[in-house]
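One structure is given here, and the rest of the page talks about it.
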Amino acid sequence: MWRPGEGLYALVVFLVVLLEALALGYLVLTFTARLFGLLGYGETLGALLLGLALTGFALVLLGAYVLLYHAYTAWREGQEERLRERYLERFAQALLEEGSPPPFPWPKEAFAALLALRESLKGDLGQALLPWLRLGLPRWERALKGPLASRARRLEALDALAQARLPEAFPLVLPYLAHPDPVLRLAAARSGARLVGEQDLEAFAEALLRAALPRGALLEVLLLLEGRAEPVVRRLLKAGGREEVGAALEALGRLKLPSLAEEALAFLHHPDPEVRAAAMRALWRLEYPPLGHEEAVLAALEAEEEFVRLQAVRLVPLLGEPLARRALWRALSDPSFYVRRGAAEALKALNPALLERAAEAHPDPYGRAMAKQVLGA
């Protein structure tokens, strides 16, 4: 739930700062006049006392507002929670006993109870809630389309639509992916990922390309798509920039999309080291051999960036044992602790006997120590 009252709080703070500025300005003028002998001692003392009184009044005003606001908020939240629990009980009873819901219209607490049920119930029971949730569409549409709606109300509406998962609500969310406010864009992307149907995936992918979301946020959105992610990931790989491609490659591996593995192979040659690392990580998670791209993987073992070399040693075992054995043996001499450990673990899975030999006879003392450490784990 987004906390309301931000506008009123901003107004109170503005009034307090204004009073303080007026008081300080008045004191500066008064003491300047006293300095040049234009005011007497009594008048100057009176101005000082007035300034202190205004300052005290401003602090009392701000403190009283904060205390009253928190007390009111706690009382209001308690009232809303009790009302929400009553509606939750009535909706659950109507759903399980196939009875009638509470009489409409419903307050926002009723819709909050419905959304909580929608999040917890799956299958036919979850689908049975949809007719009741559709009664809230006009409320959420007004919050999104109203010219005077606050950011908090719009965020609440986007969050509610994401929980309701009504496919027909997707057109309400799509325009917000081009909103100038990045917070609203991110909320719309999350909501859209839960609402979008198969027929709208192309439009959603195009909107994500224009939304300029950071990589982490975009990855979260792609993971929310779950089984519908493949066409969106494919489009981002084809037309996305560095952030979009990085998120798409990460989602490709986490969601296990083997149909896109061939497209990931091309990014083993990308000039950006983070993109190359993401491509290798995706192929490693898919356990997809990078056949025909062995040189790119071996070259990554010599990369300047530690994280690229780490992903390379994880992928090397998929190249085949003769080539992988030699590459992992060399990687045990890597200056990075994490790369040496990755190489030793990969070698243990590929050929434990060779790791035992490395623990005894590897020319690099750090490589020998790492081989012994991994063998003993």
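The values are calculated or read from the model by the stated rules, or taken from the named source; none is laboratory data. If you're wondering where the values come from, they're calculated on a predicted model, not measured in any experiment. Note that we place each Cβ from the backbone using ideal geometry, even for glycine, and neighbour counts take in every protein chain shown. SASA here: full protein model, heavy atoms, side chains in, ligands and nucleic acids out. Shrake-Rupley method; radii C 1.70, N 1.55, O 1.52, S 1.80 Å.
Cross-link partners for K372 among the lysines, with Cα-Cα distance under 26 Å and sequence neighbours closer than 8 places in the same chain left out: K348.
For a straight C-alpha distance cut-off of 23 angstrom, the lysines reachable from K122 (same-chain residues fewer than eight places away being disregarded) are K108. On the beta carbon distance between L29 and A149, with R0 = 56 Å, the FRET formula returns roughly 0.80.
Helical runs (DSSP H, four residues minimum) scored at -39500 (n - 2.57) apiece and divided by the length of the chain put the mean residue ellipticity at 222 nm at -23500 deg cm²/dmol. The residues of segment 249-377 have, on average, 48 Å² of accessible surface per residue, using a 1.4 Å probe with all protein chains present.
Rg over Rh for segment 103-199 works out to 0.96, using Cα positions for both radii and the Kirkwood form for Rh.
A 1.4 Å probe run over the protein chains yields, for segment 15-96, 70 Å² of accessible area per residue, whole-number rounding. Label positions at L137 and L83, each projected 7 Å from the Cα along the C-beta direction, are separated by 2.5 nm. For segment 84-146, the direction-averaged projected area of the alpha-carbon convex hull comes to 4.3 nm².
Based on the Kirkwood radius over alpha-carbon pairs, what value in µm²/s does the Stokes-Einstein equation return for the translational diffusion coefficient of the chain at 20 °C and 1.002 mPa s? Once the numbers are plugged in, D ends up at 82 µm²/s.
Between S120 and R90, the FRET efficiency estimated from the beta carbon spacing at R0 = 25 angstrom works out to 0.95. Does segment 157-204 come out rounded, prolate or oblate, given a ≥ b ≥ c as the square roots of the eigenvalues of its C-alpha gyration tensor, rounded meaning a/c under 1.5 and, failing that, prolate meaning a/b above b/c? Oblate is the answer for segment 157-204, as a/c is 1.5 or above yet b/c matches or exceeds a/b. Using Cα-Cα distances under 8 Å and only pairs 6 or more residues apart, what relative contact order does the chain have, in percent? The normalised contact order for the chain reaches 7 percent. Apolar share of the accessible surface for segment 147-298: 55 percent from carbon plus sulfur atoms, 1.4 Å probe.
The mean accessible area for residues of segment 98-180, using a 1.4 Å probe and ignoring ligands and nucleic acids, is 50 Å² per residue. Its alpha carbons considered, segment 1-98 gives a radius of gyration followed by a Dmax of 24.9, 88 Å. Per-residue 3J(HN,Hα) values for segment 66-79, derived from phi via the Karplus relation 6.51 cos²θ - 1.76 cosθ + 1.60 with θ = phi - 60°, read 4, 5, 5, 5, 5, 5, 5, 4, 4, 5, 5, 5, x, 4 Hz in sequence order (x marks Gly and Pro).
In whole percent, how big is the carbon plus sulfur part of the accessible area of segment 22-114, probe 1.4 Å, protein atoms only? Roughly 69 percent of what the probe reaches on segment 22-114 is carbon or sulfur. Karplus-based coupling profile of segment 334-341, in residue order and whole Hz: 4, x, 8, 4, 5, 5, 4, 5, with θ = phi - 60° in 6.51 cos²θ - 1.76 cosθ + 1.60 and x standing for Gly or Pro.
Share of Cα-Cα pairs in segment 316-367 beyond 16 Å, in percent? The proportion of pairs with Cα distances above 16 Å equals 28 percent. Shown is the FRET efficiency for E98 and T73, computed with R0 = 25 Å from the Cβ-Cβ distance and rounded to the nearest 0.05: 0.05.
Just the protein heavy atoms count here, and of the accessible area of segment 310-372 at 1.4 Å, carbon and sulfur take up 54 percent. Backbone phi angles across segment 98-112, fed through the Karplus curve with coefficients 6.51, -1.76 and 1.60 (θ = phi - 60°), yield HN-Hα couplings of 6, x, 9, x, x, x, 7, x, 10, x, 5, 5, 5, 5, 4 Hz in residue order; Gly and Pro are listed as x. Considering all different alpha carbon pairs of segment 257-377, the Kirkwood hydrodynamic radius works out to 14.2 Å.
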